[in-house]
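Undergrad: Shown below is the structure under consideration.
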Amino acid sequence: MHVVWLKRDLRIDDHAPLAEAARRSHEDGVPMIALYVFEPEVWQAPDADASHLAFVVESLAELAAELEQRGGRLIRRFGEMTEVLAQLSRECAIDTLLSHEETGNAVTYARDLRVARWCTRNGVRLREFRQHGVFRPNPSRDGWAARWESHMRGPRAAVPTRFVSPSATIVADGDAGLWQELGLGEDTRATLRQRGGSREAAANLRSFLLERGRNYRTTMGSPELAWESCSRLSPHLAWGTMSVRRAYQGARRRLAELAELEQTGAIAHDDAVAWNGSIRSMISRLSWHCHFIQKLEDEPAIESSCMARATESLRSEGDPAIAAARLVAWQEGRTGYPMIDACMRALVATGWINFRMRAMLVSFASHHLWLDWRSFAPWLGRQFLDYEPGIHYPQVQMQSATTGINTVRIYSPRKQVEDHDPHGTFIRRWVPELARVPDEFLSEPETTPPLLQTMIGCRIGVEYPEPIVTHREAYRDAQERIFALRATPASRAEARAVFVKHGSRKRHR
Ligand SMILES: Cc1cc2nc3c(=O)[nH]c(=O)nc-3n(C[C@H](O)[C@H](O)[C@H](O)COP(=O)(O)OP(=O)(O)OC[C@H]3O[C@@H](n4cnc5c(N)ncnc54)[C@H](O)[C@@H]3O)c2cc1C
C-alpha cells in the first residue's frame, strides 16, 4: 500500500502527498492509507503541551470523516515512528511513504533521518513534498521572495474525489488511545482556546476577510482589539489544517473583489482603503511565516544556539537562584508590571496573544530580567497554541538580541499601557487585583498613594507585587551590555555572515 504520513498537515485541501497517493493508487491499483502516529518522544519533549495535542486530536477527527466520505482510511497509531512502520508493514506491505517536509525541532529532525534510513533498509520509496513556502534546499536568500510568491500563486493540490483503501484488516486505532497516557496532563485551555479542524480554519479566514479584518492594520498592536481583528489563522497554519497558499489565495481574491466593489461604488472609498491596507499587511505576514521557518530549515542549530555565536555568553553570568525566581514570577504573571502580567495571564489561559505583546514578553524576560532565552523558549512554546518551532525560535532570538542583525528593541512595559490600554480594560480583566486602581496609576501601581492602596484593596507588596526590577536601570544595563558586545570587530564580522545566510532582503519586523 501507499502510506501518507500526516504530521503538521492535518487537512485534505492542498495536500500534495494525499493527492499524489490518490493519483498513484488509481494508476497502479495499489491501495493507500493515511497514517498519524502519536510519538511519545515528540509529545514528551519540553515544548509539547496538552492543548496542542487536543487541537491535533480534534483536527484528526474531522479529517478521518473527510477521508471516509471519499472511501479513504485514517489509521492512528501510538509509538516510535520506525517501530510503527515496521508493524504496519507486517500487516500490509508498504510500497511508498509520502509526506510533507517538516521543519520541526531537534526531535522530529532526528526522527525524519531515522525514517529515511528505515525506508532505504526496507525497500520503501520515500517521497517528500514541500509544505508552504519553505525551500529545501534553499539555494540562497537572494530571490527567496520571488520563489515564495510563485509557490503561493501556483495551483493548489486538488482534493481527491475517491481513495482506494486496502482490503486487508488494518487496525484503524492501534493503541492510539495511549496518547492520553503521555503524561501531558489535562488541557487547561480547553474552554478558551481555538478549536482544531479545517472547517474552523476556513471559517476564520472567511470572517477575517469579510467582517473582522477591516481595521487589522491599525489595531493589531492592541492586546484587546487584536483578539478580534487579527486573522487568528496561526494555529491552523501551524498544525496544517489550512495551507499558507490557501490563505494567500483567499486574501488575493478578496483584494480583487474589493477593487471591483470600489469601482462599482458598492463600497465607500475609505472602507476600500482600510480593507486594502489590512489585507496587504496580512499577506506580508504570511510571507514572514515562511521567511522565519526558512531560518530554522537552513540552520537547525538555532533551536539551541545563538544565531550570532558571539552572544552565547551574554547572559551566562548571574546568580542562578535569582534567575530562577525571576523566571517563575514572569511565568506566573507576578512581575509587578501590569501589562506584562496581564499579557502572560491572558496567554496562559487562552493559548494566544498578539505579536507585539509576545515581543514585549520576551523582551522583558531577556532584557529586564536578563534571562537566557533558552531558559524559557520551550516553556513559552507550550503556551502558544500556534507553536511553530521555525517561527518561535528565530522570533525569540530576535527579541532577545542574539541574532546579531536585527535592531535591538527593548519595550517599555509602562509605555505599552499608555499606548495600548490607557483605560485598563485589558489589564483589569486579566489582573483583577488591579481592578480598582485608577487609570492614572495603572502603568505604575506602586505610585498609588498608600492610603488609597488600602482603600481600594490593592496594597503593593501584599495584594499585588512590587516591580521585580526597576525599568530604567534594567533598560540601561541591558543596552550597555548589548551595544558593547555589538561594537566588537568579531561581532560585526559575524553579523555580516548571519545576514547573508538568514537576512531578509526586504524589511521585516
Ligand atoms: C517571541 C515570539 C514568538 C512567536 N512564536 C510564534 C509561533 O510559535 N507560531 C506562530 O505562528 N507565530 C509566532 N509568532 C508570530 C506572531 O506573533 C503570530 O504569528 C501571530 O500573533 C498569530 O496571530 P494571527 O494568526 O492572528 O496573525 P496575523 O497577524 O493575522 O498574521 C497572519 C499569519 O501570518 C503569520 N505571522 C504573523 N506575524 C508573524 C511574525 N511576526 N512572524 C512570523 N509569522 C507571522 C502567522 O502564520 C499568522 O497566522 C511569534 C512572535 C514572537 C514575537
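The values are calculated or read from the model by the stated rules, or taken from the named source; none is laboratory data. Bear in mind that the values here come from a model prediction, so they are computed numbers and not experimental data. Heads up, the Cβs are rebuilt from the backbone with ideal geometry, glycines too, and the neighbour counts pull from every protein chain shown.
Undergrad: Regarding S366, is this residue farther than 28 Å from G240 by Cβ and either within 13 Å of the ligand (Cβ to nearest atom) or in contact with a Leu (Cβ under 6 Å, 6 or more places away or on another chain) (or both)?
TA: yes
Undergrad: For region 426-442, enumerate the residues that are of a type in the set (V, I, T) and under 34 Å from the mean Cα position of the chain (by Cα).
TA: Matches in region 426-442: I427, V431.
Undergrad: Can you find a residue in region 318-327 that is modelled with pLDDT of 95 or more, surrounded by 15 or more Cβ atoms within 10 Å (Cβ to Cβ) and within 16 Å of the ligand (Cβ to nearest atom)?
TA: yes
Undergrad: Given the structure, is I279 within 14 Å of the ligand (Cβ to nearest atom), more than 28 Å from Q383 (Cβ to Cβ), in a helix (DSSP H, G or I) and touching a residue at least 12 places away in the same chain (Cβ under 8 Å)?
TA: So I279 passes the test.
Undergrad: Further question: Being modelled with pLDDT under 95 and outside the structural domain of R245 (by TED's automatic domain parsing) narrows it down to one residue among E83, E91, E102; which is it?
TA: Answer to the selection: E91.
Undergrad: Only residues in region 285-306 that are outside any helix (DSSP H, G or I) and of a type outside the set (A, V, I, L, M, F, W, C) count as the first member; pair them with residues that are modelled with pLDDT of 95 or more and surrounded by fewer than 23 Cβ atoms within 10 Å (Cβ to Cβ), Cβ under 7 angstrom, at least 6 apart or cross-chain, and list the lot.
TA: Every condition considered, the pairs that remain are S304/R374.
Undergrad: Name, by its number, the condition in (1) within 10 Å of the ligand (Cβ to nearest atom); (2) within 17 Å of D386 (Cβ to Cβ) that does not hold for S284.
TA: (2)
Undergrad: Quick one: would you say A349 is at pLDDT below 95, in a helix (DSSP H, G or I) and touching a Leu at 6+ places or on another chain (Cβ under 9 Å)?
TA: Answer is no for this residue.
Undergrad: Same structure, new question: Which residue pairs have Cβ atoms under 6 Å apart, sit 6 or more places apart or on different chains, and have a first residue in region 341-354 that is assigned by TED's automatic domain parsing to the domain that holds L233 and a second that is assigned to a helix (DSSP H, G or I) and within 15 Å of the ligand (Cβ to nearest atom)?
TA: That search, which allows pairs on different chains as well, returns nothing.
Undergrad: Another one. What do you reckon, is R24 in contact with a strand residue (DSSP E or B) (Cβ under 8 Å, 6 or more places away or on another chain), modelled with pLDDT of 95 or more and charged (D, E, K, R)?
TA: yes
Undergrad: Let me ask something else about it. Out of all the residues in region 201-218, is one or more more than 30 Å from E101 (Cα to Cα), more than 10 Å from the ligand (Cβ to nearest atom), in contact with a helix residue (DSSP H, G or I) (Cβ under 9 Å, 6 or more places away or on another chain) and not in a helix (DSSP H, G or I)?
TA: No, because not a single residue in region 201-218 is more than 30 Å from E101 (Cα to Cα), more than 10 Å from the ligand (Cβ to nearest atom), in contact with a helix residue (DSSP H, G or I) (Cβ under 9 Å, 6 or more places away or on another chain) and not in a helix (DSSP H, G or I).
Undergrad: Go through region 388-414 and count every residue that is near the ligand (Cβ under 6 Å from one of its atoms) and touching a Gly at 6+ places or on another chain (Cβ under 9 Å).
TA: The number of residues fulfilling the criteria is 3.
Undergrad: What is the number of the single condition among (1) over 30 Å from G133 (Cα atoms); (2) out of contact with any Lys or Arg (no Cβ under 7 Å at 6 or more places or on another chain); (3) polar (S, T, N, Q) that Q453 does not meet?
TA: Of the numbered conditions (1) over 30 Å from G133 (Cα atoms); (2) out of contact with any Lys or Arg (no Cβ under 7 Å at 6 or more places or on another chain); (3) polar (S, T, N, Q), the odd one out for Q453 is (2).
Undergrad: May I ask you to list the residues in region 218-263 that are more than 27 Å from R345 (Cβ to Cβ) and among the basic types (K, R)?
TA: Residues satisfying the conditions are R245, R246, R252, R253, R254.
Undergrad: Those residues that are buried (at least 22 other Cβ atoms within 10 Å of the Cβ) and in contact with a Pro (Cβ under 8 Å, 6 or more places away or on another chain), I need them from region 369-389; list them, please.
TA: G381, L385
Undergrad: Only one of (1) within 23 Å of R472 (Cβ to Cβ); (2) part of a helix (DSSP H, G or I); (3) away from the ligand (no atom under 16 Å from the Cβ) fails for T335. Which number is that?
TA: (2)
Undergrad: Among the candidates A238, A203, which residue alone is within 30 Å of A64 (Cβ to Cβ) and either crowded, with 21+ Cβ neighbours inside 10 Å or in the same structural domain as E41 (by TED's automatic domain parsing) (or both)?
TA: Only one candidate passes the filter, namely A238.
Undergrad: Tell me, yes or no, whether region 287-297 has at least one residue that is out of contact with any helix residue (DSSP H, G or I) (no Cβ under 7 Å at 6 or more places or on another chain) and either surrounded by fewer than 16 Cβ atoms within 10 Å (Cβ to Cβ) or over 30 Å from A145 (Cα atoms) (or both).
TA: Checked against the condition, which is being out of contact with any helix residue (DSSP H, G or I) (no Cβ under 7 Å at 6 or more places or on another chain) and either surrounded by fewer than 16 Cβ atoms within 10 Å (Cβ to Cβ) or over 30 Å from A145 (Cα atoms) (or both), region 287-297 yields no hits at all.
Undergrad: Return the pairs, sorted by first residue and then second, in which the second residue is near the ligand (Cβ under 9 Å from one of its atoms) and of a type in the set (A, V, I, L, M, F, W, C), the first residue lies in region 221-233 and is assigned to a helix (DSSP H, G or I), the beta carbons are less than 6 Å apart, and the residues are 6+ apart or on different chains.
TA: That search, which allows pairs on different chains as well, returns A226/M220.
Undergrad: I would also like to ask the following. Among L380, L385, L361, which is touching a Gly at 6+ places or on another chain (Cβ under 8 Å) and not basic (K, R)?
TA: When all the criteria are applied, what remains is L385.
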